[in-house]
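K.L.:
Here it is, the structure, as structure tokens.
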Amino acid sequence: MTLIKSISGIRGTIGGERGNALTPVDIVKFTAAYAAELRRRLPGRGQYRVVVGRDARISGEMVENIVCGTLLACGIDVINAGMASTPTTEMAVILSKAEGGIILTASHNPKEWNALKLLNERGEFLSAEEGESLLKCAEEENFTFYGVDKIGKMVHKDFTMEHINAVLNDKLVDRKAIKEAGFKVVLDAVNSIGGPTMPLLLNELGVECVKLNCEATGDFAHNPEPLPQNLTALSETVVKERADLGISVDPDVDRLALICENGEPFGEEYTLVSVADYVLSNNNGGNTVSNLSSSRALRDITEKWGGRYSAAAVGEVNVTTKMREVSAVIGGEGNGGVIYPGLHYGRDAYMGIALFLSNLAHKKIKVSQLRREYPDYFISKNRIEISDKALIDKILEAVKEKYANEKVTTIDGVKIDFEAEKKWVHLRKSNTEPIIRIYSEAHTMEEADALAEQIKGEVNKILNA
């Protein structure tokens, strides 16, 4: 059993001993800490309100009851959004002008996992500093709960259509062009909240939707991470149905992966690239942001439109912080996470697909042809286990010095850009395991793998020195 406490939230498996899994006792502790930190962070707000939304996980109702009950016991009013995607819950905080939000989802993790993802009053994830303060509070504070006359009140509200209407009304979503294109898509929602909600958006856009794994049972039909090896049934169904596109979303609908009309993966790194191309083309350029481990293709597209690309440390809150800093018009992560600040600062598959279909409708080409318009890059993902965790920082420092003549970025581990060859390698230490992750990218997978092996060789030399 596992319990992972990090600045981005509390994640763990259901069932087991307190402190070693996401048990009811742990849920109460961290929810109470969130309530206490909310009052410290936003003093003098009077009656505090927090939105709670969850994906379709089997454990979702149980966790929701504990979280909502704890907030009420802390004197916090609850706006219960019920079964709602991550971006919808984020939007609900904005729409209701609440002081915060808690999303109950373990994202792409298997069904035995769940998590508490914690939002601020802007519907965005807590900063690293705020997250650290909350973890400290959870371990050190003795919580006092409110008496019967001061417990919070709860209301239930479904924000799904408000969120969808906000997407539909965005100036860059061309509903007329999409409807005239007469698209047919196959949707794989892995039996979670995207199943009942994504078709609502597609129907409003005039898109025919063939549903695959769209029952919101939480019993995931396959590994829920939207990677090509997990989407073979979607690829087969796209070809069988002669659809224009396959759409895959993860259990909380913040990641978007696409399948071409011929059954080939569009590439999750290229979800953001294609959407950025459309946004930049309609914005006379502009700045973009992705994290250090995302494809260089976004930089290429940004510079093509005369904009400036910036890289952020890995983690959604780091990307959104950088986006604000450079006034980015589009950004996100290479895992299919599109962040469009015109709507809100959060990964949003609903907004992502609406912008993607607008782009496709304007270009009047097949999805496979659209993919060929973008530069080819391939990412190799590797890891090295380090028996002595204390050596990791020494290894990263040595690699940085070894490649000091290249462009080196150290805001999150060590990233080396080989500018002349348009390839890179990124080394990051894990916060939860004694490993170094090594991501490398080049114009072919063979080159990317070779670069990873080169760096792994350097690391082994350091370990054996």
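K.L.:
Right, residue 325: among the charged types (D, E, K, R) and closer than 21 Å to residue 225 by Cβ or not?
P.N.:
Criteria not met by residue 325.
K.L.:
Sticking with this one: Could you check, for the range 78-99, whether at least one of its residues is closer than 21 Å to residue 253 by Cα and of a type in the set (Asp, Glu)?
P.N.:
Scanning the range 78-99 turns up at least one residue that is closer than 21 Å to residue 253 by Cα and of a type in the set (Asp, Glu).
K.L.:
Cβ-Cβ under 7 Å, sequence separation 6+ or interchain: first residue in the range 295-324 and in contact (Cβ under 8 Å) with a residue 60 or more places away in the chain and surrounded by fewer than 18 Cβ atoms within 10 Å (Cβ to Cβ), partner assigned to a loop (DSSP other than H, G, I, E, B) and not hydroxyl-bearing (Ser, Thr, Tyr). Which pairs?
P.N.:
Listed pairs, sorted by first residue: 300/375.
K.L.:
When you check residue 451 against the structure, is it assigned to a helix (DSSP H, G or I) and modelled with pLDDT of 95 or more, yes or no?
P.N.:
yes
K.L.:
Would you confirm whether or not the range 170-186 contains a residue that is crowded, with 22+ Cβ neighbours inside 10 Å, under 24 Å from the mean Cα position of the chain (by Cα) and closer than 30 Å to residue 381 by Cβ?
P.N.:
yes
K.L.:
Condition check: touching a residue at least 60 places away in the same chain (Cβ under 8 Å) and either part of a strand (DSSP E or B) or loosely packed, with under 12 Cβ neighbours inside 10 Å (or both). Does residue 405 satisfy that?
P.N.:
no
K.L.:
Out of 210, 167, which single residue is of a type outside the set (Gly, Ala, Ser), assigned by TED's automatic domain parsing to the domain that holds residue 363 and either surrounded by fewer than 18 Cβ atoms within 10 Å (Cβ to Cβ) or farther than 20 Å from residue 275 by Cβ (or both)?
P.N.:
210
K.L.:
Here are some residues: 227, 258, 205. Which one is modelled with pLDDT under 95 and either touching an Asp or Glu at 6+ places or on another chain (Cβ under 6 Å) or among the aliphatic types (A, V, I, L, M) (or both)?
P.N.:
The unique qualifying residue is 227.
K.L.:
Output the number of residues of the range 337-372 satisfying the condition of being in contact (Cβ under 8 Å) with a residue 24 or more places away in the chain and in a helix (DSSP H, G or I).
P.N.:
So the count comes out to 18.
K.L.:
Name the pairs whose Cβ atoms lie under 9 Å apart, with the first residue in the range 384-398 and over 15 Å from residue 412 (Cα atoms) and assigned by TED's automatic domain parsing to the domain that holds residue 427, the second of a type in the set (Lys, Arg) and not in a helix (DSSP H, G or I), and 6 or more positions between them or separate chains?
P.N.:
Pairs that qualify, where the first residue is over 15 Å from residue 412 (Cα atoms) and assigned by TED's automatic domain parsing to the domain that holds residue 427 and the partner is of a type in the set (Lys, Arg) and not in a helix (DSSP H, G or I), are 384/437; 386/429; 389/429.
K.L.:
Further, regarding this structure: Mind telling me which of the residues 61, 37, 90 ends up being within 23 Å of the chain's Cα centre (by Cα), crowded, with 19+ Cβ neighbours inside 10 Å and of a type in the set (D, E, K, R)?
P.N.:
Just a single option satisfies the conditions, and that option is 90.
K.L.:
With the structure loaded, tell me whether residue 303 is modelled with pLDDT under 95, under 24 Å from residue 425 (Cα atoms), not aromatic (Phe, Trp, Tyr) and not assigned by TED's automatic domain parsing to the domain that holds residue 416 or whether it fails that test.
P.N.:
In short, no.
The values are calculated or read from the model by the stated rules, or taken from the named source; none is laboratory data. None of the values given here were measured: they were computed from a predicted structure. Cβ sites come from the backbone with ideal geometry, for glycine too, and all protein chains shown count toward neighbours.
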